[in-house]
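The values are calculated or read from the model by the stated rules, or taken from the named source; none is laboratory data. Keep in mind that this is a model prediction, so the values were computed, not measured. Here Cβ is always computed from backbone atoms with ideal geometry, including for glycine, and neighbour counts include all displayed protein chains.
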Amino acid sequence: MQAQVRQGYVELPQPFSRRIRRVDLNPAAVGAWVFWSKNYQPFLSTLDFLAGVYHHRFLFHYTLNGFHAEAARLLEPGVPPAEISLATLKELLSRFGRECISWRFDPIIFSNLTPYTERLETFKILAEKLCDLVGRCHISFVDLYGKVARRLRAVESRGGLYCQKPSLAEQVAFAEELRRTAQALRMPLYTCCEDAIGAQAGITPGHCVDAILLQELYPGVVLEAELRPTRHGCGCYKSIDIGQYNTCRHACLYCYACR
């Protein structure tokens with residue numbers, strides 16, 4: 001990535017058409033960067049480089065789901081344990097500050113290894129550890145895209161993991177529990193593409209790419225405050241995605257962006 005920034009652009013294929021698009025990376029053309037990851041540790045040196053070029057104009061989404069034992073092995077085989085991720089998050093905090101870090105408890109998956117009560121207790125434990133380290137939390141339930149559903153069926157056929165599809169009422173009840181926990185800790189909580197659940201649970205819809213928040217964080221930068229959702233229920237503002245499918249090494253079972 002440092003090489004692309006030095007040359008001032010990146011060329012990447014569109015995920016479906018495969019057409020090559022060139023994206024301008026010159027500092028004058030980039031308002032801010034929004035990152036998603038479950039493991040920023042390998043990226044810290046690159047972030048230090050980018051901070052010097054783009055004057056720390058970053059927003060981080062950091063996913064910590066706290067899966068344990070066999071659930072972690074099956075669902076997130078390449079993701080570091082929660083205690084290591086927590087240490088990395090603290091490194092981000094020391095470099096860039098709390099308000100530019102968002103915790104994602106996402107996706108919420110109910111299964112024989114991750115039942116309702118376990119997911120709720122794990123959220124509470126993580127929230128207590130993270131409430132003073134992050135600016136907010138986003139939650140979302142798993143979406144069973146075609147390739148994801150096929151992967152899950154393959155794992156289920158071998159035994160060990162059996163996913164459960166909760167009803168809307170169960171999802172709302174769970175989200176209400178998360179809201180109460182977050183409120184007690186004074187942690188802002190938002191949904192991601194879960195408008196119906198959030199409306200009933202009293203949770204505000206989120207903007208993962210949030211031009212308004214970025215403008216507050218970096219008032220000297222002019223950003224386009226135009227909503228540009230990428231799917232139904234998405235609240236993201238206009239941005240350019242330069243991530244590429246099938247490049248992540250985490251091999252998460254539920255991920256739509258890898259084979």
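Report, by residue number, each residue of the stretch 111-142 that is hydrophobic (A, V, I, L, M, F, W, C), under 14 Å from Leu64 (Cβ atoms) and buried (at least 19 other Cβ atoms within 10 Å of the Cβ).
Within the stretch 111-142, Phe123, Leu126, Ala127, Leu130, Val134, Cys137, Ile139 qualify.
Kindly indicate whether Arg57 is charged (D, E, K, R), in contact with a strand residue (DSSP E or B) (Cβ under 9 Å, 6 or more places away or on another chain) and in the same structural domain as Leu86 (by TED's automatic domain parsing).
It is true that Arg57 is charged (D, E, K, R), in contact with a strand residue (DSSP E or B) (Cβ under 9 Å, 6 or more places away or on another chain) and in the same structural domain as Leu86 (by TED's automatic domain parsing).
Where in the stretch 1-95 are there strands (runs of 3 or more DSSP E), lying wholly inside it, with at least 2 residues that are of a type in the set (Phe, Trp, Tyr)?
Hits in the stretch 1-95: 33-37, 58-63.
For residues in the stretch 64-87 being over 18 Å from the mean Cα position of the chain (by Cα) and touching a residue at least 60 places away in the same chain (Cβ under 8 Å), which is surrounded by the most Cβ atoms within 10 Å (Cβ to Cβ)?
Step by step, filter the stretch 64-87, then rank; the result is Ala71.
Which of the numbered conditions does Cys208 fail, given that it passes all the others? Conditions: (1) in the same structural domain as Cys100 (by TED's automatic domain parsing); (2) under 28 Å from Arg22 (Cβ atoms); (3) more than 21 Å from the chain's Cα centre (by Cα).
(3)
Give the residues of the stretch 88-110 that are of a type in the set (Gly, Ala, Ser) and buried (at least 20 other Cβ atoms within 10 Å of the Cβ), sorted by residue number.
Answer for the stretch 88-110, where residues must be of a type in the set (Gly, Ala, Ser) and buried (at least 20 other Cβ atoms within 10 Å of the Cβ): just Ser102.
For the stretch 77-107: of the residues being charged (D, E, K, R) and at pLDDT 95 or above, which is farthest from Glu170 (Cα to Cα)?
Among those residues, the one meeting the criterion is Arg95.
Listed residues Tyr162, Tyr145; which is closer than 17 Å to Tyr256 by Cα, surrounded by fewer than 19 Cβ atoms within 10 Å (Cβ to Cβ) and touching a residue at least 24 places away in the same chain (Cβ under 8 Å)?
Result of the check over Tyr162, Tyr145: Tyr145.
Taking into account only those residues within the stretch 86-108 that are touching a helix residue (DSSP H, G or I) at 6+ places or on another chain (Cβ under 7 Å) and hydrophobic (A, V, I, L, M, F, W, C), which is nearest to Thr191 (Cα to Cα)?
Phe105
Can you find a residue that is at pLDDT 95 or above, touching a Gly at 6+ places or on another chain (Cβ under 8 Å), farther than 23 Å from Phe35 by Cβ and of a type in the set (S, T, N, Q) anywhere in the stretch 108-126?
Yes, there is a match, as at least one residue in the stretch 108-126 is at pLDDT 95 or above, touching a Gly at 6+ places or on another chain (Cβ under 8 Å), farther than 23 Å from Phe35 by Cβ and of a type in the set (S, T, N, Q).
Here are the criteria: (1) over 16 Å from Glu177 (Cα atoms); (2) touching a strand residue (DSSP E or B) at 6+ places or on another chain (Cβ under 6 Å). Tell me which single one Glu91 does not satisfy.
Condition (2) is where Glu91 drops out.
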